[in-house]
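I have placed the structure first, in the form of structure tokens, so that the comments after it can refer back to it.
The values are calculated or read from the model by the stated rules, or taken from the named source; none is laboratory data. Since we're looking at a predicted model, the values are computed, not measured. Quick reminder, even Gly has a Cβ in these numbers, built from the backbone with ideal geometry, and neighbours come from all protein chains shown.
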Ligand SMILES: C[S@@+](CC[C@H](N)C(=O)[O-])C[C@H]1O[C@@H](n2cnc3c(N)ncnc32)[C@H](O)[C@@H]1O
């Protein structure tokens, strides 16, 4: 059920989360056994719907050991007690951020964006042709560090020449608050922009740092279309919709069957009746 893709790469966050922890010379610095894993995995499942298989025990240890050091906590019994306590709320947020998998990239699975341009946008243009301010709503649910919503924004701007006249909005949400902040910032390693077609890269990104670690930023034309918000897909959704397209890609693969069903059932509510397009991948896909 878990993402079989390698756990490095991704324009932000992911590689940092999985840097090998060599500070203890290969031996575990903190005692961490199956009961700690089960307690934390159970919490993650309850809060976020994310189902971690037992073989993820090293990943969990490595991501949380750093945290124990930062907090000057001596062992995982104490850490679990902290998370379980009345004052545990901020640490639970940290824990969820630490244990999510945020692998993403610009124009990931490009055919979805071709579908957006050729089918979804074409249908919306037709249905809204008599409107002086055509309405378009797209949701990137599980947006990670932002390449997905920025890719959607590039496709919109490239395919709707008069987009400024439109009431067009992209909602980008993720449970990982650190990823939402990164996405809102919209600055990435220049290397990660290589998957953006060169004409779009020239038009929609600008170089903001040269040198050994060059960076690019998304231009304002894209930013003004996107609203970034933290949102747990398992909790109530404040927005009413309807949406013309919902991208929920590479998110539900981390859920078990009941969790996936819960979220997929909720997706059926906020879609525009004339044009409900929902994309998700692995285990289920509807286009
Ligand atoms: C692998 S990334 C996929 C990013 C992007 N959709 C893509 O396909 O490139 C999965 C994202 O889902 C988010 N996620 C996991 N569980 C979630 C939940 N319960 N509610 C909202 N987002 C969640 C994670 O934080 C992570 O950023």
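Here are some notes:
- Conditions (1) surrounded by fewer than 15 Cβ atoms within 10 Å (Cβ to Cβ); (2) part of a helix (DSSP H, G or I); number of the one not met by residue 95: (1)
- Number of positions in the range 213-271 that are over 27 Å from residue 110 (Cβ atoms), assigned to a loop (DSSP other than H, G, I, E, B) and modelled with pLDDT of 95 or more: 1
- Some residue of the range 201-211 being touching a strand residue (DSSP E or B) at 6+ places or on another chain (Cβ under 6 Å), more than 12 Å from the ligand (Cβ to nearest atom), free of Cβ contacts under 8 Å to residues at least 60 places away in the same chain and part of a loop (DSSP other than H, G, I, E, B): no
- Residue check for residue 259: surrounded by fewer than 13 Cβ atoms within 10 Å (Cβ to Cβ) and assigned by TED's automatic domain parsing to the domain that holds residue 143: no
- Test: residue in the range 75-83 that is assigned to a loop (DSSP other than H, G, I, E, B), surrounded by fewer than 18 Cβ atoms within 10 Å (Cβ to Cβ) and away from the ligand (no atom under 16 Å from the Cβ): yes
- Tally, over the range 215-271, of residues that are within 15 Å of the ligand (Cβ to nearest atom) and at positive phi: 1
- When the range 128-147 is filtered for residues that are more than 11 Å from residue 244 (Cα to Cα) and touching a residue at least 40 places away in the same chain (Cβ under 8 Å), the ones remaining, listed by number, are 140, 141, 142, 143, 144, 145, 146, 147.
- For residue 86: the one exception among (1) at pLDDT 95 or above; (2) in a loop (DSSP other than H, G, I, E, B); (3) farther than 26 Å from residue 189 by Cα: (1)
- Residue list for the range 125-178, filter: within 16 Å of the ligand (Cβ to nearest atom) and farther than 30 Å from residue 93 by Cα: 154, 155
- Any hit, the range 53-61, residues being without any contact (Cβ under 8 Å) to a residue 40 or more places away in the chain and not in a helix (DSSP H, G or I): no
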